[in-house]
Each structure stands twice: as structure tokens, then as C-alpha cells.
Amino acid sequence: DVKVTQSSRYLVKRTGEKVFLECVQDMDHENMFWYRQDPGLGLRLIYFSYDVKMKEKGDIPEGYSVSREKKERFSLILESASTNQTSMYLCASRTGTGYSSYNEQFFGPGTRLTVL
Amino acid sequence: QKEVEQDPGPLSVPEGAIVSLNCTYSNSAFQYFMWYRQYSRKGPELLMYTYSSGNKEDGRFTAQVDKSSKYISLFIRDSQPSDSATYLCAMSGTGGGNKLTFGTGTQLKVEL
């Protein structure tokens, strides 16, 4: 079974703090993704990575950065957390290399981040 | 206008009912169509996947794609309380990293 794990289920931070969200997958997937999920807005892609040290911006990258030093680990960084970044953050990984067509993404359980 | 529109519900049905969930989309480049199911406090999991137009059946679940109308559906027959979840449609084109575009999700409750 594919397993995608996220470092925390719930996280409370203060405005201005630097926040790290960690994601690890155990199936040797090349592609990894970070989404945020908000009521009425669905899942929106923040960043994705199709290889180690490679990253591409998604639809809403502002205020976020990512790091992928190892294939199995993809980190989302909030440089200076703000209240509008309160959300559910979901990490996903995907089989296939590069721009292959079939797109089954496996999701982690999510981290609910609250910024006060 | 959003690229993918999905009625958020909530939708409440009695056990045994047939459920119809739908999404419309505007991007004619979409070729791959998926339905994900998300239980409360869990991540989404892939339920059904269809390429281009047509139907696909898996047990009590049937996915339909009508590309001419830019409309996709998920039917659940003999619905069970365990089907209570949020259902997200997702789609992608070919190339360009195949990013998925998600609908907002429909919350379904199947009552005893």
C-alpha cells in the first residue's frame, strides 16, 4: 500500500512565525504535491515537484516555498505565517515520471493549520 | 467562472437510494476525469478514473463522461451509510505536468 504521511495532524502557530510542514512517501514516487483545502474553494495546488531539487509553482504559491532534498520527502514552508493561511494542507504523491498522462495521486491525511 | 463547477451540497439520501453527483467544466483540453472520496478528517482517495468520454462501472459505482457537454457524473447504487463522505471530481489534460483541477466537493450523507 502506498503511504503518504504528514508530520502533524493539527498545528497552531502565531502570525509571523516560520512554519514547516513535512510530507514523506514510501513508494519511490517522483512527483509530489502540496495543496490547501478550504470550504467552498476545494483543493488548490500550491507547489509541486517532479524530481529531487525540482519544483514548480502551482496556482497559489504566494507566501509559500518548498524544499525537496530527498526523493521521499517534500516540505512546505510558510516563511511568515499569516491568518489567511489558516487551512487544511494536503500532501500527495504520484506514480509516473515527468509529464506522463495517468494521474493517480495518493494523499496524506492532512495537516490542519491554525494561524492566530 | 471556475474551471470546474460542483454543487457543494450537502446532499442527504436514505439508505438504498441511487445517488447522482455531477461536475461541469469549461476547459476542453481535459482528457482525464477522476472521482475522489474524502472521509471526514482524512485525505482524498481515488474512487474512479475515466479517460475521455464514456462510462466505467465498478461495483455500485458508475462514472460517466460526456465531453460534448463538458459534464461528468458519478452514480452510486444501493447507497450505504459508509458512502457518507465528500466526493471530489478532478480532471486534467495531457502534458504540462498533468496538474489536477478539482471541484469544490459534494458532501453526501446516507441516512439509515
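The table below gives the values:
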| item | result |
| --- | --- |
| Coil-residue trypsin sites (Lys or Arg not before Pro) of the range B:25-112, DSSP, other Cβ within 10 Å capped at 12 | B:ARG41 |
| Mean shadow area of the range A:8-86, taken as a quarter of the surface of its Cα convex hull (nm²) | 5.4 nm² |
| At 1.002 mPa s and 20 °C, Stokes diffusion of the protein assembly as shown via Kirkwood alpha-carbon radius, µm² per second | 118 µm²/s |
| ³J(HN,Hα) computed for each position of the range B:8-20 - Karplus, 6.51 cos²θ - 1.76 cosθ + 1.60, integer Hz, glycine/proline x | x, x, x, 10, 10, 9, x, 3, x, 6, 8, 10, 10 |
| Peptide A:42-53 - average C-beta neighbours from other chains (10 Å radius) | 3 |
| Kirkwood hydrodynamic radius of chain B, Cα pairs, Å | 14.1 Å |
| Cβ-based charge dipole, chain A, positive-most Cα from A:GLY16, A:MET54, A:GLN105 | A:GLY16 |
| At 1.567 mPa s and 4 °C, Stokes D of the range B:26-91 from Kirkwood alpha-carbon radius, µm² per second | 104 µm²/s |
| Projected label distance in nm at A:LEU41 and A:GLU22, using a 7 Å step from Cα toward the beta-carbon | 2.7 nm |
| Candidates per GluC sites (Glu not before Pro) in the range A:1-86, loop by DSSP, up to 10 other Cβ within 10 Å | A:GLU62 |
| Residue-averaged beta-carbon neighbours from other chains (10 angstrom radius) around B:33-41 | 2 |
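Just so you know, all these numbers are worked out from the coordinates, no wet-lab data involved. Because the structure is predicted, anything quoted here is derived from the model rather than measured. Note: ideal-geometry Cβ built from the backbone for every residue, glycine included; neighbour counts use all protein chains shown.
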